Amino acid sequence: MPILILKEGTQREQGGKSAQKANIEAAKAIADAVRTTLGPKGMDKMLVDSIGDIIISNDGATILKEMDVEHPPTAKMIVEVAKSQDTAVGDGTTTAVILSGELLKQAEELLDQGVHPTVITNGFRIAVNEAKKLLESIAMDAKDDATLKRIAMTALSGKNTGLSKEFLADLVVKAVNAVAEERNGRIVVDPANIKVDKKAGGSITDTQYINGIVIDKEKVHAKMPSVVKDARIALIDSALEIKKTEIEAKVQITDPSKIQDFLAQESDTFKQMVEKIKKSGANVVFCQKGIDDIAQHYLAKEGIYAVRRVKKSDMEKLAKATGGRIVTNLDDLTPDVLGKAEKVEEQKISDDRMTFVTGCANPKAVSILIRGGGTEHVVAEIERALNDAIRVVSITKEDGRFVPRRRSSGGRDIHEAQALRHKRGRQGAACR
């Protein structure tokens, strides 16, 4: 007999039946944990993590992501179902988990009747194919913005958006239409090109769609202009600082009179950097890395608006929105690589200052700035709801098809279709 060494408190089960039951019970427990969040009357869950951070949400994917699920494997697989649904569609995570739990519950009854797991699995596969055929038969074309708006409102239902659901749905449709592109005869929408930012305060109706990009950064120097019209934007992926040597080095000055020359040389280096920026015609600079204090002074003196330490993802969105190109060397900065926008402006939102790049001619990346609620938790939940709606509308825009609750006049009611599917399922079970 093999010798097994187990941790204290570990329970070991042998035999297929008991292991199956344990896995199914765990999956049902996971499904029951999110069941009460489903639907318009669904309730929020308050989650507290190990360091005391609080998350209030009724989004299935968010709840399961925060839950610490390690064992048994089926419970982890149910969490993966939610993650896969969230990645593929963005919404419907709670429904996917509840359906998975219910299917396992029905499978448990069949197992108790002596039906082999392979037979049950094949039955599920047949049911999937039948369901897909049924959905194809009742699907309709999503050709207009009114339909996309209704789909967005469906995704926003039960997400604490209150009476502003229609208002937010309009913003979602506008943003998706802005970033939609036609490639090889089909429409492609990348939700990553829609930047969703949030600031607590105000009301939900203060949420705004920006035909450009909003950056959660302020100008680096107080004497820089707060508003730049007819902006010509330089996107720089290198530091406006003097590089440190990669080897350990020392500079020794023996003559005190040479100290001023050394400092002047450093100042001239920054002056040359700013001259290159000015020569290109740029009056706005977004830098992915740092900007030295002396460089800030010269930029302010030339009336150039500058922002430093911009995230890489934001730099890429700025390039798509303004039509500019990111450069890593100031020598490559020429008028043809500059982005363009009607206005770059610093605005105070709540207690913070943000930079708005607006009036882009044909932006392939846009922004939505969420306001509303007195706490970060409320705004964070609205952000999750908007992200779900954006993903759902993006996929509908690409596929051009959706499943309504009911067909148009003369068509078959979806409830009739569900009854027919249920009848087929019972007939199949009887045959087996």
Within the range 275-288, residues in contact with a strand residue (DSSP E or B) (Cβ under 8 Å, 6 or more places away or on another chain) and outside any strand (DSSP E or B) come out as 277, 280, 281, 282, 283, 288
Can you name the residue in the range 155-196 that is touching a residue at least 40 places away in the same chain (Cβ under 8 Å) and polar (S, T, N, Q) and, of all such residues, is farthest from residue 216 (Cα to Cα)? 157
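Which residue out of 24, 55 is over 30 Å from residue 385 (Cβ atoms) and at pLDDT 80 or above? Walk me through how you get there before you give the answer.
Values: 55 fails: over 30 Å from residue 385 (Cβ atoms).
That would be 24, the only listed residue that is over 30 Å from residue 385 (Cβ atoms) and at pLDDT 80 or above.
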Name the strands (runs of 3 or more DSSP E) wholly within the range 179-224 that hold at least 2 residues that are among the hydrophobic types (A, V, I, L, M, F, W, C) and at negative phi? 186-188, 194-198, 213-215
Determine which single condition residue 189 fails, assuming it passes every other condition in (1) within 16 Å of residue 384 (Cβ to Cβ); (2) crowded, with 19+ Cβ neighbours inside 10 Å; (3) at pLDDT 90 or above; (4) of a type outside the set (S, T, N, Q). (1)
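Among the residues of the range 322-354, write down those that are of a type outside the set (Val, Ile, Thr) and touching a Cys at 6+ places or on another chain (Cβ under 6 Å).
We begin by selecting, within the range 322-354, every residue of a type outside the set (Val, Ile, Thr); these are 323-325, 329-333, 335-336, 338-343, 345-348, 350-354.
Matches in the range 322-354: 341 only.
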Go through the range 326-371 and count every residue that is closer than 22 Å to residue 237 by Cβ, in a loop (DSSP other than H, G, I, E, B) and out of contact with any helix residue (DSSP H, G or I) (no Cβ under 8 Å at 6 or more places or on another chain). 2
All conditions in (1) under 26 Å from residue 192 (Cβ atoms); (2) among the hydroxyl-bearing types (Ser, Thr, Tyr); (3) in a helix (DSSP H, G or I) are true of residue 298 except (1)
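Conditions tested, residue by residue: (1) of a type outside the set (Lys, Arg); (2) closer than 30 Å to residue 200 by Cα.
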residue	(1), (2)
292	yes, no
303	yes, no
319	yes, yes
336	yes, no
350	yes, yes
353	no, yes
One residue is enough: does the range 297-315 have a residue meeting the conditions buried (at least 19 other Cβ atoms within 10 Å of the Cβ) and touching a His at 6+ places or on another chain (Cβ under 6 Å)? yes
Give the residue, chosen from 128, 119, 176, that is in a helix (DSSP H, G or I) and within 19 Å of the chain's Cα centre (by Cα). 176
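The values are calculated or read from the model by the stated rules, or taken from the named source; none is laboratory data. No experiment lies behind these values; they were computed from the predicted model shown. Virtual Cβ from ideal backbone geometry, glycine too; neighbours counted across all protein chains shown.
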